[in-house]
Amino acid sequence: MELLATILLSLVLWLPGNGLVQRDLPPLPPPFCGDLAEADCQLLADSQELMRGVSSMTMSLALDSSLAGIPEIADEDMTFGMTMGMTMHLDPALNETMRELATRSPEDMLAGVDEFQQMILDFYAKLGMSLEMEMSLPRLLLDAIEADEGVMIPDSIAMQMRMVNGYAYIDMDALAESFPELRAELESEGIDGWIGVDFAGQMEREMAGTMAAPDVSTLQSMQASLAFNQLMMDEEMRALLAPYVSVERLEDEERGGAAVAIFRTKLELGDLVANPAFTQLLRQAAESMVAATDEPVDEQELGTGILGVQLLANMLARSAQFEIVQTVGLDAPYIYDNNIFLQLDLSGLLTMAAMSGEEIPQELRAAKPIFTFDMNASYADFDAAPAIEVPENVEILPLDSMDDSGMDVIS
């Protein structure tokens, strides 16, 4: 149950339409514009502001990542793929309020934990979502799981689910297509088609139990992560990044009959990490994260850690490629497409391991592993997404059944 909650919350807060709709908004950091014309830069800023208040949308996403160039391992055995179609209705103001609460100190969060937990419950109670997803897992990973755990996992996993009024609905027939052995178990339980569970109710039960007193270290870790994100919006940090960010406007296109502008942003990682000021960025980031945890730090250990990170960054960034291609409407500056591409040469990891005295397997000594990440997301139906309906002929499971180990598939 916790895993499903985490996935849903992460998906929603990652989407571009997750800001406030009130007018007293704190200003956003300006977009990186490089040498763009002033009008083009303003278009990006307007888009950023408009997307903050989107309350519903549809999304299609294709994600592919791979690791190639390892001798004796076929490239296709190291690939991961995912496709997703989603319709979503959310409360932008509530999302932003939750984020504001999460930026408080661990002590303040503990003092207001009831408020924070109620926000989470409200979030799931108001979230409307329809999701269809299919994942293709790396064959090498599947073989390792089978060997270690004796569990057979299919190459491809499909899932359909909906969230309506705090209830999660899962199409068990679709899931059984990926896990044939699940079919017999479902038939023995008399389950056919869609099942529904009181997701918000189960979350409330869990919060009243193990989550009633959150661990301070967990809250401190959250603060450390947020501190790093906030640091990346700091003017000094942005000034360091700016010379290595290039933005160009490509040829205009159309999306659904609407004129759109295409912007390509590149980050020259190799040049960035070679800048002596990058060490200062790492130190400030580390100090901000340490300060958020309120833990004592050994300056020598901190310095050694920063040196190691800088060495690794230099190795990884030498031939790195990173770019974002974004499609923005000209009449109404919604984001229609957001495509991210990253490629890293991981040979430096092997070099660093060898330098530290690690024994490198013979088959890896001549390897030149290349990691690629390619994500393409498209958005539509802004503030006009279809309503999310409760499936027909759904069987609602009692909350007590969620504690049954037989329902691990959805927990």
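The values are calculated or read from the model by the stated rules, or taken from the named source; none is laboratory data. For clarity, every value in this text was computed on a predicted model and none was experimentally measured. Please note: Cβ atoms are built from the backbone with ideal geometry, for glycine as well, and neighbour counts cover all protein chains shown. Just the protein is used for accessible areas: all its heavy atoms, side chains included, with ligands, DNA and RNA removed. Shrake-Rupley method; radii C 1.70, N 1.55, O 1.52, S 1.80 Å.
Of all residues being hydroxyl-bearing (Ser, Thr, Tyr) and closer than 24 Å to Leu330 by Cβ in segment 48-65, which is least open to solvent (accessible area, probe 1.4 Å)? Just the residue, please.
Our first condition is that a residue be hydroxyl-bearing (Ser, Thr, Tyr); within segment 48-65, this holds for 55-56, 58, 60, 65.
Of the ones still in play, those that are also closer than 24 Å to Leu330 by Cβ are 55-56, 58, 60.
Details: Ser55: 44, Ser56: 6, Thr58: 28, Ser60: 60 Å².
The residue in question is Ser56.
Note down all Cβ pairs under 6 Å where the first residue falls in segment 54-70 and is more than 20 Å from Asn338 (Cα to Cα) and touching a residue at least 24 places away in the same chain (Cβ under 8 Å), the second is surrounded by fewer than 17 Cβ atoms within 10 Å (Cβ to Cβ) and of a type outside the set (S, T, N, Q), and they're at least six residues apart or on different chains.
Ala68/Asp75; Gly69/Lys368
Here is a list of conditions, (1) out of contact with any Asp or Glu (no Cβ under 9 Å at 6 or more places or on another chain); (2) modelled with pLDDT under 75; (3) surrounded by fewer than 16 Cβ atoms within 10 Å (Cβ to Cβ); (4) of a type outside the set (Lys, Arg), and Ala286 meets all of them except one; can you say which number that is?
(3)
From the list Ala239, Ala292, pick out the single residue that is at pLDDT 75 or above, in a helix (DSSP H, G or I) and among the hydrophobic types (A, V, I, L, M, F, W, C). Before you say what the answer is, go through the steps one by one.
Working: Ala292 fails: at pLDDT 75 or above.
Sole residue among the options that is at pLDDT 75 or above, in a helix (DSSP H, G or I) and among the hydrophobic types (A, V, I, L, M, F, W, C): Ala239.
In segment 372-383, is there at least one residue being out of contact with any helix residue (DSSP H, G or I) (no Cβ under 6 Å at 6 or more places or on another chain), at positive phi and not in a strand (DSSP E or B)?
Step one: filter segment 372-383 for residues out of contact with any helix residue (DSSP H, G or I) (no Cβ under 6 Å at 6 or more places or on another chain), giving 372-383.
From what is left, the residues that are at positive phi are 381, 383.
Right, trim to not in a strand (DSSP E or B) and you get 381, 383.
Looking for residues that are out of contact with any helix residue (DSSP H, G or I) (no Cβ under 6 Å at 6 or more places or on another chain), at positive phi and not in a strand (DSSP E or B), one finds at least one in segment 372-383, hence yes.
Identify the single condition in (1) modelled with pLDDT of 95 or more; (2) surrounded by fewer than 12 Cβ atoms within 10 Å (Cβ to Cβ) that Thr327 does not satisfy, given that it satisfies every other one.
The failed condition is (2).
Inspect segment 342-353 for any residue being over 25 Å from Arg283 (Cα atoms), surrounded by fewer than 17 Cβ atoms within 10 Å (Cβ to Cβ) and not hydrophobic (A, V, I, L, M, F, W, C) and give the result as yes or no.
yes
Show me the strands (runs of 3 or more DSSP E) found entirely inside segment 125-193 where at least 2 residues are of a type in the set (Phe, Trp, Tyr) and modelled with pLDDT of 85 or more.
Of the strands (runs of 3 or more DSSP E) lying wholly inside segment 125-193, those with at least 2 residues that are of a type in the set (Phe, Trp, Tyr) and modelled with pLDDT of 85 or more span 167-171.
Go through segment 321-354 and count every residue that is hydroxyl-bearing (Ser, Thr, Tyr) and touching a helix residue (DSSP H, G or I) at 6+ places or on another chain (Cβ under 7 Å).
To start, the set of residues in segment 321-354 that are hydroxyl-bearing (Ser, Thr, Tyr) comprises 327, 334, 336, 347, 351.
Narrowing the set further to residues that are touching a helix residue (DSSP H, G or I) at 6+ places or on another chain (Cβ under 7 Å) leaves 334, 351.
Residues flagged as hydroxyl-bearing (Ser, Thr, Tyr) and touching a helix residue (DSSP H, G or I) at 6+ places or on another chain (Cβ under 7 Å) within segment 321-354 amount to 2.
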